[in-house]
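What follows is a single structure, written as structure tokens, with notes after it.
The values are calculated or read from the model by the stated rules, or taken from the named source; none is laboratory data. Bear in mind that the values here come from a model prediction, so they are computed numbers and not experimental data. A quick note on method: Cβ atoms are made from the backbone with ideal geometry, for glycine too, and the neighbour counts reach across all protein chains shown. All accessible areas refer to the heavy atoms of the entire protein, side chains included, with ligands and DNA or RNA removed. Shrake-Rupley method; radii C 1.70, N 1.55, O 1.52, S 1.80 Å.
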Amino acid sequence: MFKKVSITFLTSILGLIANIISGIVTARFLGPGGKGELTAITLWPIFIAAVGCLGIAESTVFLSGKEDEKSIPSILTTGVIIALIQSALLIIIGLLLIPVLMKSYSNQSITLAKLFLCFIPINLIALNQHAVIQGRLKIIVYNLARLILSWSYTILIIILFLFKHLSVQNCVISLLVSYFLNFLFVSVYSIKQGWYSHIFDWSILRKMLNYGIKAHIGNVSSILNLRLDQMVMAVWLPPKLLGLYVVAVTFSSGLNLISSAIATIGFPSLSMTPDINDQSVKISRLLRLNFWACGMGAIVMIVISPYLLPLLFGSAYASSVQVAQVLIMAAFFSGANSVLASSVKGTGRPIISTYSELIGLLVTVIILYLLLPRMLIMGAAIASLVAYFISFTYLLMFIRKYYDLPLRQLFFPQSEDRVWLHETINQIHRKYI
């Protein structure tokens, strides 16, 4: 498992570097106002796609890990057909909603947001293919696809910057191109693997919907927890404040690369582990690894943020430092949530993750209502911190009770960790040194 986590972690680092580079270039060149406008343009199509996907991709990860290789063509083909139907409906919905949601923006921004709706079918189909690749633990291919998505956009942004053609419009087009290149890569790989068939499997559809809808309620709540603050700001606050907040979010999100790598491997790994005692050992180790790695990372980021954030993004964003520090603490709990959520999903209990996200969403709505008008972007940051902490507490209580695990085993290093670490270091030494 360590090797797969390490590869995914390295990919996350490289992806984070790409996102930071593109974020720095766009933030510096477009300014807070332009950065906020770009965020609003891409925000609504991404949200519409996320809400309308019905958790099919997560169902595909779960089924691909649980079922044998012969079932993969039926799983993927069924998922892609569903994605095509979803895409048609979601584009229509987007065309109707975007003019209303972006009524305070220019006609050009509204047109660009409508154009970006083209990403929906590209993304939904690619997500299903990604899901099979992840579910079968083809980790190198899975992570290569992630790098194509992040680095193709970054390279295009750098080229536009060097040739003095960087604009909000060209950023949107570049993002569409990067999604298409990612789609092309995973499509070619899936076809070569023989993962497509001509059969739409109704029994697979029922399994997908049964698992997916349970998980999807939580996914939508998670997305709202993650994006509700930005969506509210996109409607009610000036683009400049949204731009400041987005830069703070971008800076703090670096902490999540650790949790993302652990959760990515944890989900399919646990779906392949039927024994409850083995599940308990894996979940405990994943949470301990995440707790210590993210805890140390959060402390470092909070200390250096007053110096590093303005250095990277420019002095125009210095006022977002304190917001970023609050969001770093929020990212610590958000990352822990992703590990715990992937654990309960991987063991076939997506409804638990759904409950935690619904609780977090309720807290987010209440605190945004109370604090956003008074504290603006700092109020949004505090809402995220409190909501993620409460969701984390709920998931942790469930894991403790279900597996009868003491807190010490979940957070403090165990003797078995030393043996596991020693074996892992020896494996790395034999393989790479």
| note | Per GNM of the chain with C-alpha springs under 10 angstrom, the most fluctuating residue out of 66, 207, 192 is 192
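Count the net charge of all other residues whose Cβ sits under 12 Å from the Cβ of residue 247, scoring Lys and Arg as +1 and Asp and Glu as -1. Present the calculation step by step, with values, prior to reporting the outcome.
Numbers: positive: 28, 35, 240; negative: none.
Summing Lys and Arg as +1 and Asp and Glu as -1 gives +3.
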| Potential extension, residue 140-residue 51 segment - 0.36 nm per residue separation minus Cα distance | 29.2 nm
| field | Prolate/oblate/rounded label for region 131-247 (Cα gyration tensor, a/c 1.5) | value | oblate
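What order do you get for 145-154, 163-172 when each peptide is scored by the mean count of other beta carbon atoms within 10 Å, highest first?
Working: 145-154: 20.4, 163-172: 15.9.
Per-residue Cβ counts within 10 Å, averaged per peptide and sorted highest first, yield 145-154, 163-172.
With a 1.4 Å probe and every protein chain kept in, tell me what percent of the accessible surface of region 303-403 is carbon plus sulfur. It would help to have the intermediate numbers written out before the result.
Details: 3100 of 4190 Å².
Ligands and nucleic acids excluded, carbon and sulfur give 74 percent.
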| task | Tell me the label-point distance for the pair residue 370, residue 213, using the 7 Å Cα-to-Cβ offset, in nm and rounded to one decimal. | result | 3.5 nm
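So which DSSP H runs in the chain come out at 18 Å plus along the axis (Cα) with average Kyte-Doolittle of at least 0.0? Write down the numbers at each step before the final one.
Numbers: long enough: 2-52 (42 Å, 1.18); 72-101 (41 Å, 2.41); 119-135 (23 Å, 1.00); 139-162 (34 Å, 2.05); 168-192 (37 Å, 1.44); 202-236 (45 Å, 0.43); 239-252 (20 Å, 1.42); 256-271 (22 Å, 1.13); 276-313 (48 Å, 1.10); 321-346 (37 Å, 1.20); 350-375 (36 Å, 1.62); 377-403 (39 Å, 1.36); 415-432 (26 Å, -1.31).
Helix filter hits for the chain: 2-52, 72-101, 119-135, 139-162, 168-192, 202-236, 239-252, 256-271, 276-313, 321-346, 350-375, 377-403.
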| task | Take each of the peptides 17-30, 378-391, 87-100, average the number of other beta-carbon atoms within 10 Å over its residues, and list them starting from the highest. | result | 378-391, 17-30, 87-100
| request: Over all alpha-carbon pairs of region 360-404, lay out the pair-distance distribution in 5 Å bins, whole %, shortest bin first. | output: 5, 25, 24, 15, 12, 8, 6, 4, 1
| remark: Carbon/sulfur accessible area of region 30-101, % of total, 1.4 Å probe, equals 77 percent
| message | I'd like to check one number: the per residue accessible area of the chain, probe 1.4 Å, reported in Å² as a whole number. | response | 44 Å²
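Based solely on its DSSP helices, what 222 nm [θ] is calculated for the chain when runs of n ≥ 4 H residues each add -39,500 (n - 2.57) and the sum is averaged over all residues, nearest 500 deg cm²/dmol? Present the calculation step by step, with values, prior to reporting the outcome.
On the way: 16 runs with 372 residues, N = 433.
Dividing the helical sum by the residues of the chain leaves -30000 deg cm²/dmol.
Sort the following peptides by mean Cβ neighbour count (other Cβ atoms within 10 Å, averaged over residues), highest first: 319-332, 358-371. Write down the numbers at each step before the final one.
Details: 319-332: 23.1, 358-371: 18.3.
Ranked from most to least packed, the peptides come out as 319-332, 358-371.
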| query | On average over all directions, what projected area in square nanometres does the chain have, based on the convex hull of its Cα atoms? | reply | 20.8 nm²
